[in-house]
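All remarks here apply to the structure that follows.
Throughout, read-outs are computed from the coordinates displayed, never taken from laboratory work. Here the structure is a predicted model, which is why all the values come from computation and not from measurement. Positions of Cβ are generated from backbone atoms using ideal geometry, with glycine treated the same way; all protein chains shown enter the neighbour counts.
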Amino acid sequence: MHNEFTAIIEQDEGWFIAYCPEVPGANGQGRTKNECLKNLCEAIALIL
């Protein structure tokens, strides 16, 4: 099964921070955008 979600990504002091408006509580952070998105995807999977 394949789901698509919106990722809002912001950069703050060298860190990328992302959250997903469709999944309350899902967020991720990382030093790179890819690391941040990977962490966000893991958070979404844990919540769902």
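At a glance:
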item	result
For Ala26, residues with placed amide H under 5 Å, excluding near neighbours	Cys20
Label point distance in nm, Asn3-Cys41, each placed 7 Å from Cα along Cα→Cβ	1.5
Viscosity 0.890 mPa s, temperature 25 °C, Stokes-Einstein D of the chain from Kirkwood C-alpha radius, µm²/s	232
At most 15 other Cβ within 10 Å, DSSP loop - GluC sites (Glu not before Pro), the chain	Glu4, Glu13, Glu22
On Cα atoms only, tilt of 33-47 relative to the major axis of the chain in degrees	30
Residue-averaged [θ]222 nm for the chain, counting only DSSP H segments that reach four residues, each worth -39500 (n - 2.57)	-10000 deg cm²/dmol
Loop trypsin sites (Lys or Arg not before Pro), segment 11-48 (other Cβ atoms within 10 Å of the site Cβ: 13 or fewer; DSSP)	Arg31
Residues Cys36, Cys41 arranged by fewest to most Cβ contacts within 10 Å	Cys41, Cys36
Furthest towards positive pole of dipole, Phe5, Ile17, Thr32, structure part the chain, Cβ charges	Thr32
The chain, relative contact order in percent, only Cα pairs under 8 angstrom and at least six apart counted	27
